[in-house]
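So the structure is just underneath, and the comments pick up after that.
Coordinate-derived values only; no laboratory data. Being a predicted model, the structure only gives us computed values, none of them experimental. Counting neighbours? That spans all protein chains shown, and the Cβs are built from the backbone with ideal geometry, glycine included.
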Amino acid sequence: MSASANLECPICGGEVTLGGDTLQGELIECSDCGTELEVTSIKPFAVAEAPQEEEDWGE
Amino acid sequence: MSASANLECPICGGEVTLGGDTLQGELIECSDCGTELEVTSIKPFAVAEAPQEEEDWGE
Amino acid sequence: MIIVKIGGGATLNIEGIISDLAGVDEPFIIVHGANALRDQLAEDLGRPKKVLTSVSGYTSVFSDADAVDMLMMAYSGLKNKRLVELCQQNGINAVGLSGLDGRVVQGRRNKGIRVRENGKLRIVRDFSGKPKSVNVQLLRLLLDNGYTPVLAIPIIDENNVAINSENDDIVGVLAAAIGADKILQFIEAPGFLEDKDDPGSLVEHISKAELALREQQVEGRMRRKMLALRKMSECGASAVIISDGRVQHPVRDALSGAGTKIA
Amino acid sequence: MIIVKIGGGATLNIEGIISDLAGVDEPFIIVHGANALRDQLAEDLGRPKKVLTSVSGYTSVFSDADAVDMLMMAYSGLKNKRLVELCQQNGINAVGLSGLDGRVVQGRRNKGIRVRENGKLRIVRDFSGKPKSVNVQLLRLLLDNGYTPVLAIPIIDENNVAINSENDDIVGVLAAAIGADKILQFIEAPGFLEDKDDPGSLVEHISKAELALREQQVEGRMRRKMLALRKMSECGASAVIISDGRVQHPVRDALSGAGTKIA
């Protein structure tokens, strides 16, 4: 498992901590502003605001 | 193996003997008129004149 | 104009459907599935279908690139071409197309499916999405020149990428775009059953409102099927008929009132 | 009009061919193979290809119904649709068709292949045959409306049955029927080599007479390839160009003189 990391929330600039076991695409909440963030990549770590539209599913 | 059988050559009416080990599609010559015959079915036995056009092959 | 949807079930009487259609005067477009065939192929190749259940209870196939390859072999390949062959043998001059061909069915890629795995909430992205529009000009061009379109997934997304999609959604978008008046859906059951284990419990008529109600009482794949049926019935087609695709004359029976009518 | 034939070899630079074609002004039709893909599929499914050697030395695939299913999955399914997808991504509005679709390539079933098995001479019949005619109206209809046909086997026989056939023969019949002036054939070699193990031994120009001579010096599949090339060159197209499909710009190079020209 890679080490954990601290990132900046893209919405409020607050600190976001990602543990070593974080998954690609995992959804986490910014503890400061509560925005739902998506872990868009894990090597290196990166987060972005999660898409907000209604539940999507395929065939 | 099924028993052998005697059939009539469709061209000259001569006798054509098919052994028990005759294969579907096998080519044999009528011993009387020499025409090339195709064993079109083995259960029951049946023969017909073999197609004569030039060698045919696919992809 | 009739949209004929042939499910992918293995026990459907495809020969009966096609020979009936040869006698139909109205123009029609066929949309077909091939899930039984795809599942068999996936098993034979040792590449099983991956299914995800989203947080809100919908189950769906996870379509990675390999799964889309499988669609191209089973749906737009084997099933489509054997169906076109059968049409030709019944005097129907069919042209088989996937949604990619001539961009005949265009869609939008799903933004992602939210799934929960060992306690973690995750967005999973794959090659699947929703149909949004249809190339009516190409379909008209073919129909007006005596050809019968036979459509299958995959469809094409906003970045010209092949994506999986739900046949029921495609039928809805297609019926609305081309102005179909009837949608015939052939399944491996007499029609919509009150109790799915009792063939006698056929519901002959369902209003759209009733359909929305029933949708809340079921889960997963069945719920999605019902939602798609409701959307299909809201696309302007005068009647959606769901009837038995296993009988001797599936189309003839459906057109003379057999099965369930949603209107 | 250019007929672009893309072989089924796995090392061809398909992306390069398609992105080059996007810049070609002349209308073109693509005919493609998929033998590498089919062989892999057959192996994965444990249903190996059956090959027969006829009494006069020609080898050919024995196409039973299962083999034709395999063609529909590999040629008109996976390879065709991934090629159509790639075309769409390069701004080429492709429509993929097998010979069954709209009866676009019609042929005649082989009467049978004469083979010798443990001493017995036998006629073996299968689902294979020769292309005889092409539905030029459908191809024109598509081309005139901005669509690019992308063709693959199987084709349709005189009884509307799907049959296997040789792509080289199809290209010959197609080129003659639609009046193509150029045929580009991309293969996994610089072109026609005097010595197939020496890439430097490229033959830049071959007359039709010379081709007939060379044909007698080879056996089996190579002999059939040469015969098909000769027939292609006799179909009226001004030039048949065989060139390397693995380079960065296969089409651009071929159109500016690379490879072997038969004329």
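Give me the dipole magnitude in Debye, nearest 20, for chain D about the Cα centre, with unit charges on the beta carbon: positive for Lys and Arg, negative for Asp and Glu.
1080 debye
Averaged over its residues, how many other protein chain Cβ atoms are within 10 Å of peptide D:118-126's Cβ atoms? Spell out each step's value before the answer.
Details: counts 2, 0, 7, 9, 8, 12, 3, 5, 1.
Per-residue shielding by partner chains comes out at 5.
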- Message: Tell me whether region C:1-140 comes out rounded, prolate or oblate; compute the Cα gyration tensor, take square roots of the eigenvalues as a ≥ b ≥ c, and use a/c under 1.5 as the rounded threshold.
- Response: prolate
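For peptide C:82-88, what's the mean number of Cβ atoms from other chains within 10 Å of each residue's Cβ? Please list the in-between numbers first.
On the way: counts 5, 1, 11, 10, 3, 3, 9.
Mean partner shielding for this stretch: 6.
Going by average Cβ neighbours within 10 Å, how do the peptides C:42-53, C:152-163 rank, with the highest at the top? All intermediate terms of the calculation are to be shown ahead of the outcome.
On the way: C:42-53: 13.8, C:152-163: 23.4.
Listed from highest to lowest mean packing, they are C:152-163, C:42-53.
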- Note on the structure: If unit charges are put on Cβ atoms (+1 for Lys and Arg, -1 for Asp and Glu) and the dipole of region D:152-263 is taken about its Cα centre, the option from D:163, D:256, D:201 lying farthest towards the positive end turns out to be D:256
- Query: Rounded to the nearest 0.05, what FRET efficiency do residue D:248 and residue C:89 have when you use their Cβ-Cβ distance and R0 = 51 Å?
  - Reply: 0.65
- Which aspartates and glutamates, on any chain, are close to residue D:196 with Cα under 19 Å apart, when same-chain ones fewer than 8 places away are left out? D:188, D:204, D:210, D:215, D:219, D:244
- Note on the structure: Taking a crude spin-label model, label points 7 Å out from Cα along the C-beta direction, the residue C:133 to residue C:56 distance in nm is 2.6 nm
- Note on the structure: Taking B:33, D:235 and counting other beta carbon atoms within 10 angstrom, the fewest-first order is B:33, D:235
- Positive dipole terminus of region C:2-262, leading residue within C:192, C:127, C:148 (C-beta point charges): C:127
- Message: Under 15 Å between alpha carbons, and skipping anything fewer than 8 positions from residue D:81 in its own chain: which aspartates and glutamates qualify?
- Response: C:66, C:69, C:101, C:157, D:15, D:101
- chain D: antiparallel DSSP beta bridges as a percent of all, rounded to 5: 45 percent
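State whether region D:56-201 is rounded, prolate or oblate according to the following rule on the C-alpha gyration tensor (a ≥ b ≥ c being the square roots of its eigenvalues): a/c under 1.5 gives rounded; otherwise a/b larger than b/c gives prolate, and the remaining case gives oblate.
It comes out oblate by the Cα gyration axes.
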- Message: Quick check: from the Cα gyration tensor, does region C:185-249 come out rounded (a/c under 1.5), prolate or oblate?
- Response: oblate
- Message: As a check on your reading of the symmetry: which chain D residue has its Cβ nearest the axis that brings D onto C, and how far is it in Å?
- Response: D:77, 1
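I'd like to verify something in chain C: which complete DSSP H helices, judged by Cα projection on the helix axis, reach 18 Å or more and average at least -1.0 on the Kyte-Doolittle scale?
Values: long enough: C:220-233 (20 Å, -0.85).
Within chain C the helices that satisfy the rule are C:220-233.
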- Message: Could you tell me which residue out of A:33, C:28, D:112 lies farthest along the dipole of the protein assembly as shown toward its positive end? Charges go on the beta carbon: Lys and Arg +1, Asp and Glu -1, centred on the Cα centre.
- Response: C:28
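Could you give the size of the charge dipole of the protein assembly as shown about its Cα centre, using +1 on the Cβ of each K and R and -1 on the Cβ of each D and E, expressed in debye and rounded to the nearest 20? Intermediate results must be reported in sequence, preceding the final value.
Details: 68 positive and 94 negative charges, 113 e Å.
Here the protein assembly as shown has a charge dipole of around 540 debye.
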- Excluding residues fewer than 8 positions from residue D:182 in its own chain, the lysines with Cα under 18 Å of it are D:5, D:208, D:231, D:261
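Could you give the size of the charge dipole of region D:116-263 about its Cα centre, using +1 on the Cβ of each K and R and -1 on the Cβ of each D and E, expressed in debye and rounded to the nearest 20? Intermediate values should be presented prior to the final figure.
Values: 20 positive and 21 negative charges, 95 e Å.
In total the dipole reaches around 460 debye.
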- For region D:1-77 and region D:176-243, what is the separation of their Cα centres, given in Å? 18 Å
- Task: Distances from residue C:27 to the same position in the other copies: list them in nm, one decimal, shortest first, using label points 7 Å from Cα along Cα→Cβ.
- Result: 2.2
- In the protein assembly as shown the DSSP beta bridges are antiparallel at a rate, in percent to nearest 5, of 55 percent
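Between residue D:145 and residue D:209, 0.36 nm times their residue separation minus their Cα-Cα distance comes to what? Intermediate results must be reported in sequence, preceding the final value.
Numbers: separation 64, 0.36 × 64 = 23.04 nm, distance 3.95 nm.
So the extension gain works out to 19.1 nm.
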